[in-house]
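A short write-up of the structure that comes next.
The values are calculated or read from the model by the stated rules, or taken from the named source; none is laboratory data. Note that the structure is predicted; figures quoted are calculated from it, not measured. Neighbour counts run over all protein chains shown; Cβ positions are idealised from the backbone, glycine included. Remember, those area values only see protein heavy atoms, side chains included, never the ligands or the DNA or RNA. Shrake-Rupley method; radii C 1.70, N 1.55, O 1.52, S 1.80 Å.
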Amino acid sequence: QQAPKPQSQSPGEGAKEAGNAAAKKGDWAAAADAYQAALAADPTLLAAANNLALALLKLGRTEEAEAAADKVLAGEPRNVKALLRRAAAREAR
């Protein structure tokens with residue numbers, strides 16, 4: 001019996017995973033760059049936009065963080081993480 005072949009990731013998913021790895025290391029600049037690349041490859045990746053909002057918050061880029069959270073909320077109006085990140089971005093200004 002053969003092991004199932006792993007599904008290949010889309011370029012957007014691969015970039016999102018790279019962002020997640022950078023975020024785990026605390027490299028928020030690299031994480032933000034990777035999440036932006038993920039969204040450039042696939043603008044529908046709301047998880048990448050949500051993670052981008054967090055990375056931008058960590059970098060003090062509050063206006064951009066709010067815009068990223070707004071993108072998530074346009075597709076998922078009740079996304080709690082995006083609501084919290086948007087609020088944090090607004091409060092930080």
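Here are the numbers for the structure shown:
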{"quantity": "Phi-based couplings in Hz for segment 21-31 (Karplus 6.51, -1.76, 1.60; Gly and Pro marked x)", "calculated": "5, 5, 5, 4, 7, x, 8, 5, 5, 5, 4"}
{"quantity": "Check: the chain dipole with +1 on Lys, Arg Cβ and -1 on Asp, Glu Cβ, in debye", "calculated": "260 debye"}
{"quantity": "Accessible area of the chain divided out per residue, in Å², using a probe of 1.4 angstrom", "calculated": "63 Å²"}
{"quantity": "Linear extension gain, residue 29 paired with residue 80, 0.36 nm per residue minus alpha-carbon span", "calculated": "16.0 nm"}
{"quantity": "Point-to-point label distance, residue 93-residue 59, nm (Cα→Cβ direction, 7 Å offset)", "calculated": "1.8 nm"}
{"quantity": "Lys pairs under 28 Å by Cα in the chain, provided they are eight or more residues apart or on distinct chains", "calculated": "16"}
{"quantity": "Entry for log10 I(q)/I(0) by the Debye sum over Cα atoms at q = 0.10, 0.12, 0.14, 0.19 Å⁻¹ (calculated from the structure that is shown) out of (1) -0.44, -0.54, -0.63, -0.84; (2) -0.39, -0.54, -0.68, -0.96; (3) -0.26, -0.36, -0.47, -0.79", "calculated": "(3)"}
{"quantity": "Fraction of accessible area attributable to carbon and sulfur, the chain (%, probe 1.4 Å)", "calculated": "52 percent"}
